[in-house]
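Participant: Pasting a structure below so you can have a look.
The values are calculated or read from the model by the stated rules, or taken from the named source; none is laboratory data. Source: prediction; values computed, not measured. Positions of Cβ are generated from backbone atoms using ideal geometry, with glycine treated the same way; all protein chains shown enter the neighbour counts. Please note that ligands, DNA and RNA were not included when accessible areas were found on the heavy atoms of the full protein model with its side chains. Shrake-Rupley method; radii C 1.70, N 1.55, O 1.52, S 1.80 Å.
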Number of protein chains: 2
Amino acid sequence: MSKRYSYIKGLYCPKCGKKHTEKEIHHLCSCGSPLLVEYNLKQAAQDWHKDDLVKRKPDLWRYHEILPVNNPENIVSLGEGFTPVVSLAKAGAKVGLHHLYLKDEGILPTGTFKARGAAVGISKAKELGVSTIAMPTNGNAGAAWSVYGARADIQTVIVMPENAAKITRNECQAAGADLYLVKGLISDAGKIVGRSIEKNGWYDASTLKEPYRIEGKKTMGYEIAEQFNWEVPDVILYPTGGGVGIIGIYKAFRELQELGWIGEKLPKLVAVQAEGCSPIVKAFEAGEKESEFYKNSSTIAFGINVPKALGDFLVLEALYETKGIAVAVSDEEILEALHEVAEAEGIFTCPEGGSLYAAVKKLKQKGFVSAEDKIVLLNTGAGIIYPDTIQDEIPYTELDATL
Amino acid sequence: MSKRYSYIKGLYCPKCGKKHTEKEIHHLCSCGSPLLVEYNLKQAAQDWHKDDLVKRKPDLWRYHEILPVNNPENIVSLGEGFTPVVSLAKAGAKVGLHHLYLKDEGILPTGTFKARGAAVGISKAKELGVSTIAMPTNGNAGAAWSVYGARADIQTVIVMPENAAKITRNECQAAGADLYLVKGLISDAGKIVGRSIEKNGWYDASTLKEPYRIEGKKTMGYEIAEQFNWEVPDVILYPTGGGVGIIGIYKAFRELQELGWIGEKLPKLVAVQAEGCSPIVKAFEAGEKESEFYKNSSTIAFGINVPKALGDFLVLEALYETKGIAVAVSDEEILEALHEVAEAEGIFTCPEGGSLYAAVKKLKQKGFVSAEDKIVLLNTGAGIIYPDTIQDEIPYTELDATL
């Protein structure tokens, strides 16, 4: 039986090693690096057993011991987490893979994996007494933080590019966010948010400037381990923009090793990017520790159009340490793969998710994955958020017709 | 330990009592009534215990004993079910209700509760050896049956009104359905489907002409009972179009009584309709057993624009037997309620779901529900399916601005 609700110890800097308390608001380290959360895992391993999970609710708070919220009263939840892992037997067989799976993060509040980061991030912000948060977004994160913010009575200020998915705007609006559009990119939105935070003293919820979002996303890794009965799969593919998901999953597996819940083996982590925006792939192929700003980036997979991620060095570390790889796929390959998965398996993914099946085909050809590998595609969102992805003509039929 | 995977016994007619085998394809009874599925609940009650559920996966197949699929190999699943029940503490307090909850069916594959009916209906169709199904739809059911059909290798023929939600078209398209639009209503689509089925020998998956969809939807009732620890809530509100959900929930509670898993108390079931299409409300207020066709129906809650439901007599029976009620709310009230729930609770519901909070306010004023009642709003889908529900102007900000 766990003696504490959370075994959080504090924040630390993965670059310079500096420690920070989690009792106060912190964003980046003084050295400019994102901060990560540290837990007292030795103590947790003694008090907490994976059998304790069996009777817990199927949401991400079942792992509260390794989440940063100390007081359960601060939890702001819409029932997020424990998304299904489904077999892609037919799509796998088509490309010679016998154990292909998809974890479907479309089945979350707001329809994307962003709900995980928002649930944990907003809960911790509530614990810290925050009243207003601000963030730039390509749409999905803004929608998620807006609704959790509303539930927590925390005001949200959101700035997004005007061509972000329309439905994400509406969701921000409905939840009462203070929403602004900008004729530019997420990086432009970020600059506006940066200046406004400085002026108004708002809490900065930008990717990786806020250290708790990653804790929410790491629960994907815990869930995969539990859903595979604590025998981790061989390979996990992740659509990589800001990279918080892949950083979180890597952190989860390292923590699970410290807890003694999984063995030495780690899944090979694969960062999938669009050819039109592939800074991580470029850096990986050159063996670099950091990426360079990717100029004139462009892809239909809007969520992974991130030219330079603040946590790029952590993403690359996760790839190197797990003997993973980075792969780029074209927009045409993404669309084709999206249709193939929908037709064979009945899963209508977002374009970001579609990129994964395109990528796994390439990795099979390359010999990076083999027929008997257990492979998980991490689909980050539902296709229904993007009504314009499919542009086919649909035939009309007459009222007196017989088909 | 259960000795059988399913305790299905056969089909029966709730109107004339005639029995039918479930080993062959059946649609309506020879008397014209929908058919219902019967189980050997006495045997199930002996073999199966609710404690057996604890270790099962959090999807609707955890109740396989009272679902119609005999062979688990026929199950076609995308991980659907066990959607969260979340507290609406703030929205409840605003109207003097202390125990208001929402069960969120937006968190399902395809974003609506239709996934439940499609999962079970397609699985049973697979067991029956069906190769092509056809159906008319207002959008959401078509999307759900298309994706599950794709997964099962069953061809789907879908006919929908041209003004059904665009994203549902795209989802049908992506899944490879044979999709047609019609310049008319779902009833017009139904006539085309009817003629085409007769000509081509397709399987009729129209609402309640297919007896297994309701079995999928009844799992909402099982889940509510389990999630409230087998002490059923006092009142459940349901947005009612075709009414399959409310019929299913009522059936679930009756079965749960036979299993001995709940006591004598039943929740009062409330059918919520739009003022512009309220045939059930009209029939209920007149004390009738059936409804009349509602002429010139119109509402923004597209999914409940059903002028005459084939199962109206079953819906009305469920209301009378549980001492429930039927309530109509205006489109303005629906939109207002949708915004209130989103702003207070962070849940962006579909308009159909929004109608429930509007209705519960009325029922509180009327004295039909009281402050201490445990009340569940059954939100049938995610707001993200309807990008046009919110039409507010969103301000732009300049690139060099500080907010």
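Participant: So which residues in the stretch B:227-242 are assigned to a loop (DSSP other than H, G, I, E, B) and farther than 23 Å from B:Trp261 by Cα, if there are any at all?
Facilitator: B:Thr240, B:Gly241, B:Gly242
Participant: Filter the stretch A:374-397 down to residues that are farther than 30 Å from A:Gly216 by Cβ and more than 8 Å from every other protein chain (Cβ to nearest Cβ) and give me whichever is least open to solvent (accessible area, probe 1.4 Å).
Facilitator: Per the stated criteria, the residue is A:Gln391.
Participant: Mind checking which residues of the stretch B:162-177 are facing chain A (nearest Cβ under 8 Å) and either open to solvent by 20 Å² or more (accessible area, probe 1.4 Å) or aliphatic (A, V, I, L, M) (or both)?
Facilitator: Scanning the stretch B:162-177 gives B:Glu162, B:Lys166, B:Ile167, B:Arg169, B:Gln173, B:Ala174, B:Ala175, B:Gly176.
Participant: Please go through (1) surrounded by 20 or more Cβ atoms within 10 Å (Cβ to Cβ); (2) over 18 Å from A:Asn138 (Cα atoms); (3) free of Cβ contacts under 8 Å to residues at least 60 places away in the same chain for A:Thr299 and return the number of the only condition it doesn't satisfy.
Facilitator: Here A:Thr299 clears every test but (2).
Participant: Is there a residue in the stretch B:77-87 that is at the interface with chain A (Cβ under 9 Å from one of its Cβ atoms) and in contact with a Ser or Thr (Cβ under 6 Å, 6 or more places away or on another chain)?
Facilitator: no
Participant: Please find, within the stretch B:307-344, the residue that is nearest to the other protein chains (Cβ to nearest Cβ) out of those that are among the small types (Gly, Ala, Ser) and closer than 24 Å to B:Leu266 by Cβ.
Facilitator: B:Ala309
Participant: Then there's this: Would you point out the residue of the stretch A:96-114, among those that are more than 13 Å from the chain's Cα centre (by Cα), within 13 Å of chain B (Cβ to nearest Cβ) and not in a strand (DSSP E or B), that is surrounded by the fewest Cβ atoms within 10 Å (Cβ to Cβ)?
Facilitator: Looking at residues that are more than 13 Å from the chain's Cα centre (by Cα), within 13 Å of chain B (Cβ to nearest Cβ) and not in a strand (DSSP E or B), I get A:Ile107.
Participant: Now a separate question. Would you confirm, using the coordinates I've provided, whether B:Gly117 is outside any strand (DSSP E or B), more than 9 Å from chain A (Cβ to nearest Cβ) and either crowded, with 24+ Cβ neighbours inside 10 Å or among the aromatic types (Phe, Trp, Tyr) (or both)?
Facilitator: yes
Participant: Oh, and also: Is there a residue in the stretch B:352-361 that is open to solvent by less than 10 Å² (accessible area, probe 1.4 Å), under 20 Å from B:Val85 (Cβ atoms) and among the β-branched types (Val, Ile, Thr)?
Facilitator: Yes, the conditions are met somewhere in the stretch B:352-361.
Participant: Condition first: open to solvent by 20 Å² or more (accessible area, probe 1.4 Å) and either under 28 Å from B:Ala89 (Cα atoms) or within 13 Å of chain A (Cβ to nearest Cβ) (or both). Now tell me which residues in the stretch B:120-135 satisfy that.
Facilitator: Scanning the stretch B:120-135 gives B:Lys126, B:Thr132.
Participant: Confirm whether A:Gly10 is open to solvent by 10 Å² or more (accessible area, probe 1.4 Å) and either small (Gly, Ala, Ser) or part of a loop (DSSP other than H, G, I, E, B) (or both).
Facilitator: In short, no.
Conditions (1) modelled with pLDDT of 95 or more; (2) acidic (Asp, Glu); (3) at positive phi, marked per residue:
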site: B:Thr110; (1), (2), (3): yes, no, yes
site: B:Val120; (1), (2), (3): yes, no, no
site: B:Ser123; (1), (2), (3): yes, no, no
site: B:Ile133; (1), (2), (3): yes, no, no
site: B:Ala165; (1), (2), (3): no, no, no
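Residue by residue, here is whether (1) under 29 Å from A:Ala164 (Cβ atoms); (2) touching a Gly at 6+ places or on another chain (Cβ under 6 Å); (3) crowded, with 24+ Cβ neighbours inside 10 Å; (4) of a type in the set (S, T, N, Q) holds:
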{"position": "B:Val327", "(1), (2), (3), (4)": "no, no, yes, no"}
{"position": "B:Glu336", "(1), (2), (3), (4)": "yes, no, no, no"}
{"position": "B:Gly346", "(1), (2), (3), (4)": "yes, no, yes, no"}
{"position": "B:Thr402", "(1), (2), (3), (4)": "yes, no, no, yes"}
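Participant: Sticking with this one: Between B:Val54, B:Val85, which is at pLDDT below 95 and open to solvent by 10 Å² or more (accessible area, probe 1.4 Å)?
Facilitator: Criteria check complete, one pass: B:Val54.
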